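Scroll down for the structure; my scribbles are underneath it.
Read-outs: derived from the displayed coordinates by stated rules, not from any lab. For clarity, every value in this text was computed on a predicted model and none was experimentally measured. Every residue, glycine among them, receives a Cβ derived from its backbone with ideal geometry; neighbour counts consider all protein chains shown.
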Amino acid sequence: MNQVKIGRFIAKMRKQQNLTQCELADTLGISNKTVSKWECGNGMPELSLMMPICEILKINLNELFSGEKLTDADYKKKAEENIMKLIEEAEKIKKNIVGGKVLGKVANIDMNVSEAHKTNIEFWNTIGSEFLGVTALPKWGGYLPTEEKLNLLGDLSDKSVLEIGCGNGHSLKYVSDLGATDLWGLDISENQIERTENYLQTQGISAKLICSPMEDECGLPIDYFDLVYSVYGIGWTTSLDKTFKRIHSYLKKDGVFIFGWSHPIHKCVSVEDGKLVFSNSYFNEEWYCGDMSDKEIMLSNRMISTYLNSLARNGFIFEELIEETDKEKAMASDNDFGRKALMLPTAFAIKVRKL
Ligand SMILES: C[S@@+](CC[C@H](N)C(=O)[O-])C[C@H]1O[C@@H](n2cnc3c(N)ncnc32)[C@H](O)[C@@H]1O
């Protein structure tokens with residue numbers, strides 16, 4: 001569907017009916033921001049609103065989807081074209097899952113780095129405090145056993161550590177409690193950096209915090225860190241290769257990099273009427289946008305091999321891949337996420353080393 005053309009058409013027909021955006025929105029029982037979004041070509045009316053819009057604007061559905069008034073002569077041809085486009089759109093709209101959340105309205109997109117950063121910064125600036133300590137050490141992700149059981153970090157006494165996507169600072173507090181003395185955090189969101197700063201201050205901990213995309217040069221020291229780690233941070237990158245290359249450069253020789261993220265198989269399987277259903281292809285690494293907590297995010301699913309191959313390409317030596325489920329925790333859960341975790345990995349953690 002050509003959203004820009006449809007948006008302009010809605011604006012034109014609304015004006016022909018002498019309606020303001022507010023008046024159209026009020027009649028439909030929605031906000032005027034939503035009408036403005038359609039008219040700017042940044043979204044389509046949801047299905048339940050399409051017939052009421054047509055009635056108010058005195059057009060038919062075929063004209064709405066075509067974004068223009070139609071004569072009797074081209075009505076049938078346009079109707080057929082529109083049906084084909086709708087089928088294509090429907091095929092693109094799939095469910096997707098990040099951690100324990102099923103995303104709403106998922107659609108594939110052509111990834112544009114600055115758009116992805118802008119959208120995700122806006123998300124984390126606004127929603128970041130909802131994740132206070134949720135995606136933080138000792139958890140590496142989903143129903144994986146925790147750090148207390150896995151002991152991936154080892155002895156951190158007097159170590160220099162860097163967290164990628166430091167969020168609210170809870171993981172930095174955890175590594176500080178384990179003895180790390182030189183703490184650094186990087187995050188793309190100013191508000192998250194501020195949250196980390198405030199949280200660590202209340203804990204009497206100081207850390208050097210940098211606000212930057214992990215993919216970009218940001219002044220972090222080279223050959224410096226004993227450990228770089230990330231909990232639900234790495235998957236947000238727009239380029240695994242650029243990110244892993246940089247992380248490799250920040251580490252000392254023999255330095256360790258560990259990260260946890262949502263398992264790609266978890267995103268392929270949804271729970272429908274108590275059954276696990278394969279709803280996405282494991283091989284699909286296309287970028288998508290979707291709603292989480294009513295805010296848009298942009299992400300892509302990556303296969304396990306994509307992570308491992310990129311780590312190898314960028315100079316890391318593989319040490320450990322964790323995919324197991326903490327069965328006790330999963331059995332104690334009363335939700336779909338926990339039930340699923342008994343059948344497949346909901347998260348993974350990878351530990352690698354710089355030679
Ligand atoms: C799930 S949170 C991490 C929470 C963190 N582990 C904690 O202990 O609070 C993911 C973080 O990644 C950050 N992020 C997203 N995209 C990023 C990017 N391209 N570069 C750096 N950070 C990014 C977000 O702002 C967010 O704070």
- [ ] Take the chain, drop everything but the C-alpha atoms, weight them equally and run the Debye formula without solvent; then report log10 I(q)/I(0) at 0.07, 0.12, 0.15 Å⁻¹ to two decimals.
- [x] -0.38, -0.92, -1.23
TODO: Rounding to the nearest 20 debye, state how big the charge dipole of the chain is about its Cα centre with +1 on each Lys and Arg Cβ and -1 on each Asp and Glu Cβ.
DONE: 580 debye
Task: Of all DSSP beta bridges in the chain, antiparallel share, percent nearest 5 - done: 60 percent
TODO: Please work out how much length the chain gains when fully extended from Asn42 to Leu308, using 0.36 nm per residue of separation minus the C-alpha to C-alpha distance, in nm with one decimal.
DONE: 92.1 nm
Open item on the list: Can you work out the Karplus-derived ³J(HN,Hα) for every residue in segment 247-253? Use 6.51 cos²θ - 1.76 cosθ + 1.60 with θ = phi - 60°, whole Hz, and x for glycine or proline.
Closed with: 4, 4, 5, 6, 7, 6, 4
Task: Above-threshold pairs, the threshold being 31 Å between Cα atoms, out of Lys76/Lys118; Lys85/Lys295; Lys118/Lys329; Lys242/Lys340 - done: Lys76/Lys118; Lys118/Lys329; Lys242/Lys340
Task: Spread of Cα-to-Cα distances over 5 Å intervals beginning at zero, given as percent, for segment 295-348 - done: 4, 16, 18, 15, 16, 17, 11, 4, 0
Open item on the list: Bins of 10 Å, beginning at zero and ending with the bin holding the largest distance: percent of Cα pairs per bin for segment 242-325, please.
Closed with: 14, 37, 33, 14, 3, 0
Open item on the list: Pairs of alpha-carbon atoms within less than 8 angstrom and 6+ residues apart define the contacts here; what relative contact order does segment 141-217 have, in percent?
Closed with: 29 percent
TODO: Name all residues of segment 16-43 having a backbone nitrogen under 18 Å from the label point set 7 Å from the Cα of Lys118 along its Cα→Cβ direction, giving them as ranges.
DONE: 34, 36-43
- [ ] Find the Rg to Rh ratio for segment 39-157, where Rh is the Kirkwood radius over alpha-carbon pairs and Rg uses the same atoms.
- [x] 1.19
Task: For segment 3-92: span of alpha carbons on each principal axis (Å, largest first) - done: 34, 31, 20
Task: Note, ³J(HN,Hα) from phi for segment 311-323, Karplus 6.51, -1.76, 1.60, rounded to Hz, x at Gly and Pro - done: 4, 5, 4, 9, x, 8, 9, 6, 10, 7, 10, 10, 10
Open item on the list: For segment 118-184 and segment 288-355, what is the centre-to-centre distance using only Cα atoms, to the nearest Å?
Closed with: 15 Å
Task: Rounded Å value of the spacing that divides the Cα centres of segment 19-62 and segment 225-254 - done: 45 Å
- [ ] Please tell me the relative contact order of segment 113-354 in percent, rounded to the nearest whole number, where contacts are Cα pairs under 8 Å and at least six residues apart.
- [x] 22 percent
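Hey, fewest Cβ within 10 Å first, where do Glu81, Glu148 land in order? List each step's numbers first, then the result.
On the way: Glu81 14, Glu148 8.
So the residues, fewest neighbours to most, are Glu148, Glu81.
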- [ ] In nm, give the distance between the simple-model label positions of Val134 and Asn2, each being 7 Å from the Cα along the Cα-to-Cβ direction.
- [x] 4.1 nm
Open item on the list: I want to check the label-to-label distance for Glu81 and Asp177. Put each point 7 Å from Cα in the C-beta direction and report it in nm to one decimal.
Closed with: 6.2 nm
